[in-house]
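Asker: Sharing a structure with you now.
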Amino acid sequence: MTKTLPPYPEGHDLLAGKRILITAAAGAGIGFAAARRCAEEGAKVFISDVHEKRTAEAAKALAEVTGAPVPHRLCDVTDEDQVQALVADAADQLGGIDVVINNAGLGGTCDLVDMKDDEWFRVIDVTLHSVFRMTRAALPRMIAQGSGVIVNNASVLGWRAQAGQSHYAAAKAGVMALTRCAALEVADKGVRINAVSPSFAAHPFLVKTMPAEELAELEAREAFGRGAAPFEVANVMVFLASDYSSYMTGEVVSVSSQHP
């Protein structure tokens, strides 16, 4: 067992010229890591989040990678008008959209017997309905151009049970099912839709919001004795966004070292 992170990968222009829109890309989690890895692989990125200050900071950090200003826009992915405006703005500023990475999600721990309706619906809305809205908004443009890729962020909890996670697990299982069904609907239109399914990605926000003993328990389940670094999940998103995954659609790729 090793807790040592692998070297951070160098870019190889795997996404050269691709125009990529990424939701929930502010902060220190998977979304920002995906935006950075896409930029490092030669893509033009447009980022969005609901947090104004963090979004601006993320765009500034990405500009240091790209050497040019990174377009960005605030968006509450539970609001249809804001989603439509986001996709239109990204297409306008990038000159089109080749890839959408749906990263928005909301967690929380609560046993079902104690869960209030608003807790259930909020997690479902942010985590599942956002993927539906973003996919629906992006597909007409992709279909019209005869190409496109959508990468969704699911979770191993869509497959595996964990107490206190019924709302989040139900939402992520929904993301998996949506990925598979939507992929079949647009396969003949030149559009591919896949998802990643991380087990446990460690980042500063998670460390601040989750009890230390719970983090330690999650780490103990992983064969490497640690959670994935966000960039390790982002690497798989890059693969799914790239032409190297050209024969994959409707797939959910586990990014995990978890064992029973």
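Asker: So residue 159 ticks every box in (1) farther than 23 Å from residue 50 by Cα; (2) among the aromatic types (Phe, Trp, Tyr); (3) surrounded by 21 or more Cβ atoms within 10 Å (Cβ to Cβ) but one. Which box is left unticked?
Answerer: Only one criterion is unmet by residue 159, namely (3).
Asker: While we're on this one: Within the bounds of the stretch 188-204, is there any residue that is in a helix (DSSP H, G or I), modelled with pLDDT under 90 and not charged (D, E, K, R)?
Answerer: If we filter the stretch 188-204 for residues that are in a helix (DSSP H, G or I), which is where we start, we get 188-189, 204.
Next cut, modelled with pLDDT under 90 only: 204.
Now narrow it down to the ones that are not charged (D, E, K, R): 204.
Checking the stretch 188-204: at least one residue is in a helix (DSSP H, G or I), modelled with pLDDT under 90 and not charged (D, E, K, R).
Asker: Restricting attention to the stretch 227-260, and to residues there that are farther than 29 Å from residue 188 by Cβ and of a type in the set (Gly, Ala, Ser), which single residue is surrounded by the most Cβ atoms within 10 Å (Cβ to Cβ)?
Answerer: If we take residues in the stretch 227-260 being farther than 29 Å from residue 188 by Cβ and of a type in the set (Gly, Ala, Ser), then 234 is surrounded by the most Cβ atoms within 10 Å (Cβ to Cβ).
Asker: Which residue out of 59, 104, 63, 90 is closer than 12 Å to residue 23 by Cβ and touching a Pro at 6+ places or on another chain (Cβ under 9 Å)?
Answerer: Criteria check complete, one pass: 90.
Asker: Moving on to the next point. Residues that are among the basic types (Lys, Arg) and surrounded by 15 or more Cβ atoms within 10 Å (Cβ to Cβ): does the stretch 166-188 have at least one? Spell out how you get there, then give the answer.
Answerer: Pass one, the stretch 166-188, residues among the basic types (Lys, Arg): 172, 180.
Among the residues that remain, those that are also surrounded by 15 or more Cβ atoms within 10 Å (Cβ to Cβ) are: 172, 180.
Yes, some residue in the stretch 166-188 is among the basic types (Lys, Arg) and surrounded by 15 or more Cβ atoms within 10 Å (Cβ to Cβ).
Asker: Now for a different question. Would you confirm whether or not the stretch 72-82 contains a residue that is out of contact with any helix residue (DSSP H, G or I) (no Cβ under 8 Å at 6 or more places or on another chain), more than 30 Å from residue 161 (Cβ to Cβ) and either in a helix (DSSP H, G or I) or of a type in the set (Ser, Thr, Tyr) (or both)?
Answerer: Looking through the stretch 72-82, at least one residue is out of contact with any helix residue (DSSP H, G or I) (no Cβ under 8 Å at 6 or more places or on another chain), more than 30 Å from residue 161 (Cβ to Cβ) and either in a helix (DSSP H, G or I) or of a type in the set (Ser, Thr, Tyr) (or both).
Asker: What number of residues within the stretch 150-182 satisfy the criterion of being within 26 Å of residue 246 (Cβ to Cβ) and not in a helix (DSSP H, G or I)?
Answerer: Of the residues in the stretch 150-182, 7 are within 26 Å of residue 246 (Cβ to Cβ) and not in a helix (DSSP H, G or I).
Asker: Another question, then. Please work out which residue is modelled with the lowest pLDDT, limiting yourself to the stretch 10-34 and to residues that are out of contact with any strand residue (DSSP E or B) (no Cβ under 9 Å at 6 or more places or on another chain), surrounded by 15 or more Cβ atoms within 10 Å (Cβ to Cβ) and over 20 Å from residue 142 (Cβ atoms).
Answerer: Within the stretch 10-34, the match that is modelled with the lowest pLDDT is 28.
Asker: If a residue must be outside any helix (DSSP H, G or I) and more than 24 Å from residue 161 (Cα to Cα), how many such residues does the stretch 213-260 contain?
Answerer: 5
Asker: Same structure again: Here are some residues: 37, 54. Which one is modelled with pLDDT of 95 or more and out of contact with any Gly (no Cβ under 6 Å at 6 or more places or on another chain)?
Answerer: So the residue among 37, 54 that is modelled with pLDDT of 95 or more and out of contact with any Gly (no Cβ under 6 Å at 6 or more places or on another chain) is 37.
Asker: Give me the pairs, please: first residue somewhere in the stretch 15-27 and in contact (Cβ under 8 Å) with a residue 24 or more places away in the chain and within 13 Å of residue 234 (Cα to Cα), second residue anywhere and crowded, with 24+ Cβ neighbours inside 10 Å and aromatic (Phe, Trp, Tyr), beta-carbon distance under 7 Å, and either six or more positions apart or on two chains.
Answerer: 25/32
Asker: Give the stretch 109-149 a look and list any residue that's assigned to a loop (DSSP other than H, G, I, E, B), more than 29 Å from residue 245 (Cα to Cα) and either of a type outside the set (A, V, I, L, M) or touching a Pro at 6+ places or on another chain (Cβ under 6 Å) (or both), or say none.
Answerer: Matches in the stretch 109-149: 109, 110, 111, 116.
Asker: Check whether at least one residue in the stretch 205-212 is buried (at least 16 other Cβ atoms within 10 Å of the Cβ), at pLDDT 85 or above and outside any loop (DSSP other than H, G, I, E, B), and report yes or no.
Answerer: no
The values are calculated or read from the model by the stated rules, or taken from the named source; none is laboratory data. What you see is a predicted model, and the numbers here were worked out from it, not measured in a lab. Counting neighbours? That spans all protein chains shown, and the Cβs are built from the backbone with ideal geometry, glycine included.
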